[in-house]
Amino acid sequence: MTTKEMEVVKNLDVERYMGRWYEIASFPSRNQPKDGVNTRATYTLNQDGTVHVLNETWSGGKRGSIEGIAYKVDPKSDEAKLKVKFYVPPFLPIIPIVGDYWVLYIDDDYQYALIGQPSKKYLWILCRQPHLDEEIYNQLVEKAKEVGYDVSKLHKTPQADPPPDGQDAPNDTKGIWWIKSIFGK
């Protein structure tokens, strides 16, 4: 099967994109705990046009989080190619980590999205709700496959219904999840 060239969304309405997104599935990453559940991202538009990013996941009953900034690679381009910068470790943010965040697909109502990057090492299926219709999920998986992703690596992220409230959960204040992730645990 030949793969299509990876294209990104054009003219992404950044304001509509803001808010909470639940991780429905992703490629496992050393930056997240293997036993992470209820993973989600919340995006907030900053006055300077950058985006505040709050990524949260629950591991061992505790909430782990990391905050960062997203910005367009080329502010003059109409393509949804962004960079995301986090500082690690989250408990003592001193080392910048920058990654690509390309919006490969988003539905017209901004309810679900396919996020990837040029190396194809990372892939996310996101949804405004903690659960996504299986038919839509399969369509997004197929879109990823068409541009060359090895979709056999996709791992569905368990999501509670209703989702946990971040304020009610004990926080992982020591960054244990992040330290474990370095060692692939």
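The values are calculated or read from the model by the stated rules, or taken from the named source; none is laboratory data. Not measured: the values here are computed from a predicted model. Ideal geometry is used to build each Cβ from the backbone, glycine not excepted, and the neighbour counts take in all protein chains shown. The area values use the complete protein model at the heavy-atom level, side chains included, leaving out ligands, DNA and RNA. Shrake-Rupley method; radii C 1.70, N 1.55, O 1.52, S 1.80 Å.
Per residue of the range 34-42, in order, report the coupling 6.51 cos²θ - 1.76 cosθ + 1.60 (Karplus, θ = phi - 60°) as ³J(HN,Hα) in whole Hz, putting x for Gly and Pro.
4, 9, x, 10, 6, 6, 7, 10, 10
What is the Cα radius of gyration of the range 115-160 over 2.2 N^0.38 Å, N being its residue count? Walk me through the numbers before you get to the answer.
Details: Rg = 10.8 Å, N = 46, 2.2 N^0.38 = 9.4 Å.
Cα-based Rg divided by the globular estimate yields 1.14.
In vacuum, with every alpha carbon of the range 3-117 counted as one equal point scatterer, what does the Debye formula give for log10 I(q)/I(0) at q = 0.09, 0.10 Å⁻¹? Two decimals, please.
-0.25, -0.31
Peptides 124-132, 148-156: what's the order by average Cβ count within 10 Å, highest mean first?
Numbers: 124-132: 19.9, 148-156: 14.4.
Those peptides, ordered most packed to least, come out 124-132, 148-156.
All other residues with a Cβ under 10 Å from the Cβ of Gln159 taken together, and with Lys, Arg as +1 and Asp, Glu as -1, what is their net charge? Numbers along the way, then the final one.
Working: positive: Arg40, Lys156; negative: Glu23, Asp161.
With Lys, Arg at +1 and Asp, Glu at -1, the neighbours total 0.
Compute the angle between helix 134-146 and the longest alpha-carbon principal axis of the chain, please, reported from 0 to 90 degrees and rounded to the nearest 10.
The angle comes out near 70 degrees.
Only Cα pairs under 8 Å and at least 6 apart count here; give the relative contact order of the chain as a rounded whole percent. Could the numbers behind the result be given before it?
On the way: 366 pairs, mean separation 54.3, N = 185.
The value is 29 percent.
Any idea what the alpha-carbon Rg over 2.2 N^0.38 Å comes to for the range 85-157? Walk me through the numbers on the way to the answer.
Values: Rg = 14.2 Å, N = 73, 2.2 N^0.38 = 11.2 Å.
Here the Cα radius of gyration is 1.26 times the empirical estimate.
Under the rule of at least 5 residues apart or a separate chain, name every residue whose amide H is placed under 5 Å from the amide H of His155.
Placed amide hydrogens put Ser26, Phe27 under 5 Å from His155.
Which three extents, in angstrom, do the Cα atoms of the range 47-102 have along their principal axes, listed largest first?
For the range 47-102, the Cα spread along each principal axis is 42, 22, 22 Å.
Quick one: which of 12-21, 43-52 comes out on top by average Cβ neighbours within 10 Å, and what's the full order, highest first?
Working: 12-21: 14.8, 43-52: 12.3.
So the peptides 12-21, 43-52, ranked by packing, come out 12-21, 43-52.
Give me the 1.4 Å probe accessible area per residue for the chain, excluding ligands and nucleic acids, in Å².
Details: 10460 Å² over 185 residues.
Each residue of the chain exposes 57 Å² on average to a 1.4 Å probe.
Summarise the accessible area of the range 1-84 (1.4 Å probe, protein heavy atoms) by the percent that is carbon and sulfur.
Numbers: 2240 of 4670 Å².
Carbon plus sulfur share of accessible area: 48 percent.
Ordered by residue, what ³J(HN,Hα) values in Hz, to whole numbers, does the range 71-88 give under the Karplus form 6.51 cos²θ - 1.76 cosθ + 1.60, where θ = phi - 60° and Gly and Pro are x?
Result, ordered by residue: 8, 5, 4, 10, x, 8, 7, 8, 7, 8, 10, 10, 10, 10, 10, 10, 10, 10 Hz.
Gaussian network model of the chain, Cα springs within a sub-10 Å range: biggest mean-square fluctuation belongs to which of Ile97, Ile106, Ile66?
The residue with the greatest mean-square fluctuation here is Ile97.
For Leu12, list long-range residues whose amide hydrogen, built 1.01 Å from N in the peptide plane, is under 5 Å from its own amide hydrogen.
Residues meeting the amide H criterion: Ala80.
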